[in-house]
2 protein chains.
Amino acid sequence: MTFKDDSKLFAAACPIPLDQYPHVTLAHGGGGRLMHQLIEKCFIGAFGALNPESRHDAALLPRLTGRLAFTTDSYVVHPLFFPGGDIGSMAVHGTVNDLAMAGARPLYLSTGFILEEGLPMETLWRVVQSMQSAAAEAGVRIVTGDTKVVDRGKGDGLFINTAGVGVIEHDRIIAPVSVKPGDAILINGDLGRHGIAIMAVREGLEFETTIESDSASVSGTVQKLIDAGIEIHCLRDLTRGGLASTLNEIADATRTEICVKELAIAVREDVRGACEMLGFDPLYVANEGRFAAFIAASDAARALEILRADSPDSQASIIGSVVGPSDPGLVTLTSRIGANRVLDMLSGEQLPRIC
Amino acid sequence: MTFKDDSKLFAAACPIPLDQYPHVTLAHGGGGRLMHQLIEKCFIGAFGALNPESRHDAALLPRLTGRLAFTTDSYVVHPLFFPGGDIGSMAVHGTVNDLAMAGARPLYLSTGFILEEGLPMETLWRVVQSMQSAAAEAGVRIVTGDTKVVDRGKGDGLFINTAGVGVIEHDRIIAPVSVKPGDAILINGDLGRHGIAIMAVREGLEFETTIESDSASVSGTVQKLIDAGIEIHCLRDLTRGGLASTLNEIADATRTEICVKELAIAVREDVRGACEMLGFDPLYVANEGRFAAFIAASDAARALEILRADSPDSQASIIGSVVGPSDPGLVTLTSRIGANRVLDMLSGEQLPRIC
């Protein structure tokens, strides 16, 4: 495990006495006193209790009006801490973003911890604080959770599952089914930083400047597009498999041809250099705060303005469009020198345990 | 891993070509073709798709009226298959039961798989079928999911997280806050079978008859109590830590004294024998289909009738009552020979990875 010295994560001292319990033990998952201490002090201490008067196995949510979106993701990223984030902030951002991609306003998260016996208690506490800080920033609450401990050697420090519930407050159907030929395709910024940030830590690579993960909640940005009445047809985050896999999924699901221009896709020079060195194509590298938006062409310019105003440094851009029906779906890329090539789906494994 | 030869789990042949992919590989979690094949054929093949026309990272749920309950649990049980169940059926029962304990009607589940590289593909398929069969039986749908693969040696075959959403269709507050002195305490059957079933497989113990786990959805039973208008104050499943820990939690949360009678608590003879041999107290052993109900004394007899009619063989019983305020909360047991002793909360670890 690698540790990032981020003092903001040490805002509050660990509420579990570290001299007594420096590490997670099997008893912390056993249903007895130690588990209750962990839940009360560490988890509820950080996340708060939604129904303090009726503490329960399930959280009771206030009445919600509108259609609901429901999603889940497990996080097994290695290492647990990396420049720009950690497994805790990612576990919040990833699930918040999945809800946002359905056009929902994320509201509530659950969290399931699978701890390996021997995990430093302080590591767990740092991750939990990071989750809470990411949740507060994204406007969601962590309302219910579970802890399991597996024997040493049967896990890898810490895995986190989060599930999320959000509410859809508009009548649009934001989904592949709404994608139409002519739609403009926008992305909200430069690509490849999350994957390269992880890889750099794993391989001990050093660059002139530290490449930080782009891990972030995009829910606020999506909300701005919705509030402005932009005709959004589909949204998809560019995580495992990167932009190329996402576009292939959408082309395949909608039986359309998608054309994008390499020159319009921002990749930072240091990220591009690292990709060349490692033999990666940045279009296939995972991001954790980037998404593609399929938008009615007439609203594309306005949507781009909103994305750029929301994050002036991120290099949001219109990268291409849906050109017409195609069976099977097809993604073509016009390269920097003007040549066209098919951008295929990743067939093997580029970078394991990136999220 | 131990395999149970249960032909019902082989109702459908594995849709992933086993000669080509006999084992899960890192690429099955990589976001590319293999992951998509796994999702489409194995998971959607078994669970169906809720929104086939708008396949998405999040499931869109129909509008729900009423308060919502939201819960999560991870399952790390070892071994994956055991008499009376497997990790898949447990992952459904456990989360369904957590919702039922809040008085909710369970409706939708998410599932997050953390697979270890090298897991036999057929094992995964059997577990997935078992989940679907348990979900159908419990009246819930598995609507959204996620797959991660960790490198060999960094997991233990298969971990599953399920989160669940249910709807509360009545105005009762079924929670510790509603528990009152005078309440009768009922349990819906005999104790200790889940823990002993797991332990027997782990330790290679053989009994005259196979002890099967009690793993089951109790949602239907709870619904019957609610539909009959029984004045339910609190429900709690008797999982990790067993009955003793549950009663202590409730006594502690409600600052009351709880008295129960050992003679009223059913433990099968073979389970009692196994407990004696292994040095376990059946009151602390985990169950996966048993719950305690805190019920207004005036409704206790009628509630017992319903429990017994629902499952005539299970030996449901009234085990005691909430006798009055006490600070701190206290649980006393009147033993078979009439002596009283304090039933304390488990302090260490009795049986790791039981769920």
Choice from B:Asp310, B:Asp299, B:Asp171 with maximal GNM fluctuation in chain B (Cα, 10 Å cutoff): B:Asp171
Which sequence of A:Lys180, B:Lys154 reflects their accessible areas, 1.4 Å probe, from the largest down? A:Lys180, B:Lys154
Express in Å², to the nearest 10, the accessible area of A:Met277 obtained by rolling a 1.4 Å probe over the protein heavy atoms while all chains stay in place. 120 Å²
Show which aspartates and glutamates lie in cross-link reach of A:Lys224 when reach means a straight Cα distance below 17 angstrom and same-chain residues fewer than eight apart are skipped. A:Asp98, A:Glu137, A:Glu169, A:Asp171, A:Asp237, A:Asp299, A:Glu305, A:Asp310
Of all beta bridges DSSP finds with both residues in the protein assembly as shown, what is the antiparallel percent, to the nearest 5? 75 percent
Quote the relative contact order of chain B in percent (integer), defining contacts as alpha-carbon pairs under 8 Å separated by 6+ residues. 21 percent
Cα pair distances exceeding 27 angstrom across the stretch B:7-168, given as percent: 21 percent
For the stretch B:176-342, the dipole about the Cα centre with charges only on Cβ (Lys and Arg +1, Asp and Glu -1), to the nearest 20 debye, works out at 360 debye
Please list A:Ile168, B:Ile44 from largest to smallest accessible area, probe radius 1.4 Å, with all protein chains kept in place. B:Ile44, A:Ile168
For B:Ile39, what accessible surface area do you get with a 1.4 Å probe? Give it in Å², rounded to 10. 50 Å²
Hey, can you list the residues from the stretch B:24-50 whose accessible area shrinks by 20 Å² or more with all protein chains present, relative to the chain by itself (probe 1.4 Å, no ligands or nucleic acids)? B:Leu26, B:Ala27, B:Gly30, B:Gly31, B:Gly32, B:Arg33, B:His36
Which of A:Lys261, A:Lys41 is most accessible, then next, and so on - probe 1.4 Å: A:Lys261, A:Lys41
In debye, nearest 20, what is the charge dipole magnitude of the protein assembly as shown about its Cα centre with +1 on Lys and Arg Cβ and -1 on Asp and Glu Cβ, if you could check? 940 debye
Restricting to Cα pairs below 8 Å that are 6+ residues apart, what does the relative contact order work out to for the stretch A:12-162? Please round to a whole percent. 35 percent
What are the ³J(HN,Hα) couplings of the stretch A:165-174, residue after residue, when phi is run through the Karplus curve with 6.51, -1.76, 1.60 and θ = phi - 60°? Round to Hz, x for glycine and proline. 10, x, 10, 9, 9, 9, 9, 5, 9, 8
Listed residue (B:Ile173, A:Val222, B:Gln315) projecting farthest to the positive dipole end of the protein assembly as shown, Cβ model: B:Ile173
Is the shape of the stretch A:196-337 rounded, prolate or oblate, going by the alpha carbon gyration tensor and its root eigenvalues a ≥ b ≥ c, with a/c under 1.5 for rounded and a/b larger than b/c for prolate? oblate
Note down the magnitude of the dipole of chain B about its Cα centre, charges +1 on Lys and Arg C-beta and -1 on Asp and Glu C-beta and zero elsewhere, to the nearest 20 debye. 600 debye
Given H placed on each backbone N at 1.01 Å, which residues far from A:Thr239 in sequence or on other chains put an amide H within less than 5 Å of it? A:Asn287
With all protein chains present, how much of the accessible area of the protein assembly as shown (probe radius 1.4 Å) comes from carbon and sulfur, to the nearest whole percent? 50 percent
Quick one: accessible area per residue over the stretch B:76-209, 1.4 Å probe, rounded to a whole number of Å²? 26 Å²
With a 1.4 Å probe on protein heavy atoms only, work out how much accessible surface B and A bury together, total over both chains, in Å² to the nearest 100. 6300 Å²
extent check for the protein assembly as shown: Cα max minus min per principal axis, descending, whole Å, gives 90, 53, 46
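The values are calculated or read from the model by the stated rules, or taken from the named source; none is laboratory data. The shown structure was predicted, so the numbers you read here are calculated from the model rather than taken from an experiment. Note: ideal-geometry Cβ built from the backbone for every residue, glycine included; neighbour counts use all protein chains shown. Keep in mind that these areas ignore ligands, DNA and RNA; they rest on the heavy atoms of the full protein, side chains included. Shrake-Rupley method; radii C 1.70, N 1.55, O 1.52, S 1.80 Å.
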